[in-house]
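Worksheet: the structure to be examined is printed underneath.
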Amino acid sequence: MDKYVLCITGASGVIYGYRALKELNRLSTVEVIVSETGWTVIEEELGKQPKDLMEEFPKALFYDNRDMTAPVSSGSVLKDYKGVLVMPCSMSSLASIANGINDNLIHRVCEVALKERVKTVLLIREMPFSKIHIKNMLKATEAGAIVSPASPAFYHKPRTVEDIVDFVVGKVFDLLQIPHNLYNKWKGGSKT
């Protein structure tokens, strides 16, 4: 079974990480790291506490973001994973990842994933971008990460917020070749 690490940082848009967790938990083995601010945003935006997520997803393995000795912090372990997803990725996490600063487990896992050439997707959720953000996106991309803004399309005619969330999560899954039915893929325009 494929293994993934899902990281949820303190940016608004934790619904993306939550939706990815629901789907990954169904499809594969998923290990989860939530930053301290990520937990705060989860409580604010989803009304959930850490125990709520751990009870909802008993198959998922949750790591404390301060635990720098977690197995996934090691390249000899992480090299066998199919991907690392940071959903959402705050701009401060982007900055740390892009500049090789790892003062927590999320940053360490991303650093290790990049050095081991494990696909790493950073779903950034911020607007507008400052020049610093853009430079950090370039650095992260040059280091091997895939920087993906949470930018939904509308050709699939979404009717709910969930439809929009599923599109964005589905696009991230596409990047990692994770099979899904989260949105209807583009089939081309009508012929005239």
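Compute the angle between helix 161-175 and the longest alpha-carbon principal axis of the chain, please, reported from 0 to 90 degrees and rounded to the nearest 10.
70 degrees
To two decimal places, what compactness ratio does the chain give when its Cα radius of gyration is scaled by 2.2 N^0.38 Å?
0.99
Using a Gaussian network for the chain with springs between C-alpha atoms less than 10 Å apart, which of these wobbles most: Ser35, Ser151, Ser130?
In the Gaussian network model the winner is Ser130.
Can you give me the long-range amide H partners of Val32? Hydrogens built in the peptide plane at 1.01 Å from N, cutoff under 5 Å, separation of 5 or more residues or another chain.
Under 5 Å from the amide H of Val32 lie the amide H atoms of Leu6, Leu61, Phe62, Tyr63, each far enough along the sequence or on another chain.
How much length is gained on full extension from Asp52 to Phe129, taking 0.36 nm per residue of separation minus their Cα-Cα distance?
Between Asp52 and Phe129, full extension yields 24.4 nm more.
Which residues' amide hydrogens lie under 5 Å from the amide hydrogen of Val147, considering only partners 5 or more residues apart or on another chain, with H built in the peptide plane?
It is Leu122, by chain and number.
Lys115: net charge of surrounding residues, Cβ under 14 Å, Lys/Arg +1, Asp/Glu -1, itself excluded?
Once positives and negatives cancel, what remains is +1.
Note the full-extension length gain between Asp103 and Asp163 as 0.36 nm times their separation in residues minus their Cα-Cα distance, in nm to one decimal.
Additional length available on full extension: 18.1 nm.
Report, in debye and to the nearest 20, how large the dipole of region 3-175 comes out about its Cα centre when Lys and Arg carry +1 and Asp and Glu carry -1 on their Cβ.
Dipole of region 3-175, to the nearest 20 debye: 580 debye.
Laboratory data are not the source of any read-out in this text; all were calculated from the coordinates shown. It should be emphasised that the depicted structure is a prediction, and the values quoted were computed from it without experimental measurement. Backbone-built Cβ (ideal geometry, glycine too); neighbour counts: all protein chains shown.
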